[in-house]
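This report refers to the structure that appears directly beneath it.
FYI, it's all coordinate maths here, none of it is from the lab. Since we're looking at a predicted model, the values are computed, not measured. Counting neighbours? That spans all protein chains shown, and the Cβs are built from the backbone with ideal geometry, glycine included.
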Amino acid sequence: MEVQVRDVANPIGENKTDEAINDYIEVLAAEWNEVKEKSPWWKFWQRLSMVRVTDFLLNSLDELITYADQVIEIGPDKKATVMDAINRLYDLIVKEALPIWLSPFASKTKELILQEVISPAIDWIVAKYRSGNWQPTPANELAIQWKLKAQMFGVPGGHRPK
C-alpha cells in the first residue's frame, strides 16, 4: 500500500439536519454518562482518560460515517454532517477529560482536533470503505514490502536492524 501524504483534508460541505443523528447523539450522551469514571467533587484535578474519550469518539465516528453515507447524497455534506455530530459529542465528553492546565486553550484544542485529526480520519475511513481494503495485508507481505523500501531508500545513517 502506497503512503499518501496530503497537506489538506477533503472539503467539508453543508451540515444536513437529521433526526436520527440527533437521537444517536442523545443515546451516546446517555451511554457516556454510564461509562465515564466518576471522581468525588473534591478531586477536581482528576480527569478522565483521554484514551477512553478517544476510543468513544472513534467508535461513534465509524457509526456516524456509515449512517451518513447511506442517507445524505453529496460527499462534502456527508462529511459536514458527521463533523457537526462529532463536534456536539466533543462538547459533551471531551471537556471533562481535558487536563485543568489545558482548559484555557479548550476552544483552540477543539478546533485543532476537529480540523486536523477528525477531518482527515473521516477521509481515511471513507477511503477504506470505498476501496474495500479493510482486510489486513498479511504480515509476511508487509515485511517484504518494507524490506524492499528500506533497500530502495536506505536507512538514515546506514544502520539497518538485523
Next item on the list: Could you check the simple spin-label distance between A106 and D62, using points 7 Å along Cα→Cβ, in nm with one decimal?
Entry: 2.9
Note to self: List the pairs from K79/K108; K36/K78; K79/K147; K110/K147; K79/K149; K78/K147 whose alpha-carbon separation is above 32 Å, in the order I gave them.
What the structure shows: K79/K147; K110/K147; K79/K149; K78/K147
Margin query: Between K147 and Q4, how high is the FRET efficiency from 1/(1 + (r/R0)^6) when r is the Cβ-Cβ distance and R₀ = 22 Å? Nearest 0.05.
Written below: 0.55
Next item on the list: Just need log10 I(q)/I(0) for region 19-134 at q = 0.11, 0.12, 0.18, 0.19 Å⁻¹, Debye formula, equal scatterers on the alpha-carbon atoms, no solvent, rounded to two decimals.
Entry: -0.39, -0.46, -0.96, -1.05
Check: Modelled label-to-label distance, A20 and D123, 7 Å Cα→beta-carbon offset: nm?
Finding: 2.7
Next item on the list: Report ³J(HN,Hα) in whole Hz for each residue of region 70-86, in order, from the Karplus equation J = 6.51 cos²θ - 1.76 cosθ + 1.60 where θ = phi - 60°; Gly and Pro get x.
Entry: 8, 10, 10, 7, 9, x, x, 6, 4, 5, 4, 5, 5, 4, 5, 5, 5
